[in-house]
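One structure is given here, and the rest of the page talks about it.
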Amino acid sequence: MPRSTGQAADSALPYVPARGGIPALRRAAAGCRGCPLYAEATQTVFGAGPARARLMLVGEQPGDQEDRAGEPFVGPAGRLLRSALDEAGIDAEQAYFTNAVKHFKFAPVTEGRKRRIHKAPSLGEMAACRPWLAAEIKRVDPELVVALGATAGKSLLGNSFKVTASRGALLSLAPGTDLPLAEEESGSADDADRRLLATVHPSAVLRSKDRDEAFAGLVSDLRVASRFLG
Ligand code: URA
């Protein structure tokens, strides 16, 4: 079992198996100690969906409900996302759902009822977890990856990514986006054809003052995905 080596240079890379499909990745990710987030979370929440989906949706990290269930997007943000996909004409059953970071990061709050408040992952935690996302992309091999919000966008396109500047446009997710691939996974010909579409995170829609308008914006971006997939 690989050992975690410290703080900023933490990485999941030593835990990513060189061979096998999504089930092999999921099994290995369950034991990931590539950054300190595993220690407080209930479990690793790996991606879910068809092993060869044409569409992959990438969120930030599991929330409270996902952490307990061990499945991505099963809480309020997931329900909103599924209804936006439906409105955009995308069958959620055909999509692969995952997150940039595979463990729930939270702060415990103990006033009254015990609660766990979501904390955004750091750039170091995103970088540490990126090998899992890279491996999922290579092995699911989607034609289109949808980045939901800034964390997913930064994980996929680099730290200067801004949702507001890029949302709704079909971008290229080609090599050179610095995803740390295992050696035998790098440089396949179809990388050049893979597209990326960025949009807002469904939790941002839930928090928005004008939820209807924010929801309509998410649906409008997802319609670009729907048209691309045909
Ligand atoms: N938010 C995310 O980004 N991912 C989930 O799986 C749930 C909520």
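Each reported figure results from applying straightforward, stated rules to the coordinates on display, with no laboratory input. Because the structure is predicted, anything quoted here is derived from the model rather than measured. Neighbour counts run over all protein chains shown; Cβ positions are idealised from the backbone, glycine included.
So here's what we get for this one:
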quantity	calculated
Debye, to nearest 20: dipole size of the chain, +1 on Lys, Arg Cβ, -1 on Asp, Glu Cβ	560 debye
The range 13-229: radius of gyration over Cα atoms, expressed as a fraction of 2.2 N^0.38 Å	0.96
Packing rank of 150-160, 102-112, 131-141, where each peptide gets the mean count of other beta carbons within 10 Å, highest leading	131-141, 150-160, 102-112
Prolate/oblate/rounded call for the range 1-138, Cα gyration tensor, a/c under 1.5 rounded	oblate
Set Lys114/Lys154; Lys114/Lys162; Lys162/Lys209 screened for pairs whose C-alpha atoms are more than 27 Å apart	Lys114/Lys154; Lys114/Lys162
Amide H contacts of Leu197 (H built 1.01 Å from N, under 5 Å, at least 5 apart or other chain)	Val145, Val146, Ala147, Leu171
CD proxy at 222 nm, helix term only [per DSSP H run n ≥ 4: -39500 (n - 2.57); per residue of the chain; nearest 500]	-10500 deg cm²/dmol
Relative contact order %, the chain, counting alpha carbon pairs below 8 Å whose residues are six or more apart	22 percent
Extreme residue, positive dipole direction of the chain, given options Thr44, Val146, Leu81 (C-beta unit charges)	Thr44
Whole-Å distance, taken between Cα centres, linking the range 4-71 and the range 201-217	27 Å
Antiparallel bridge percentage (DSSP; both residues within the chain; nearest 5)	35 percent
